[in-house]
């Protein structure tokens, strides 16, 4: 389904104990800049997939979401 999406990284599975850790860092670190991107409890750089300035990937995600859910807007 996502074969034509470049640079898509595999999902890392975490345990139930590990799962909320990054969310807790985001909630409890007052020194984080508003809008900071966190990955595995660390401040990171956005991938180029998140910087889709032309909106092509956004449109594709919308279309795939409608097809998978059977709901259109």
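Relative to the longest principal axis of the Cα atoms of the chain, the long axis of helix 56-69 lies at roughly 80 degrees. Projection of the Cα convex hull of the chain, averaged over all directions and equal to a quarter of that hull's surface, yields 7.0 nm².
Highest mean packing first, where packing is the average number of other Cβ atoms within 10 Å per residue, the peptides 53-63, 25-35 line up as 53-63, 25-35.
Once every DSSP H run of n ≥ 4 in the chain is given -39500 (n - 2.57) and the sum is divided by its residues, what mean residue ellipticity at 222 nm do you get, rounded to the nearest 500 deg cm²/dmol? Kindly include the intermediate steps, with their values, before the conclusion.
Values: 2 runs with 22 residues, N = 73.
It lands at -9000 deg cm²/dmol.
Values quoted throughout were computed directly from the atomic coordinates according to the rules given, and no laboratory measurement underlies them. If you're wondering where the values come from, they're calculated on a predicted model, not measured in any experiment. In this analysis, Cβ positions are derived from the backbone assuming ideal geometry, glycine residues included, and neighbour counts consider all displayed protein chains.
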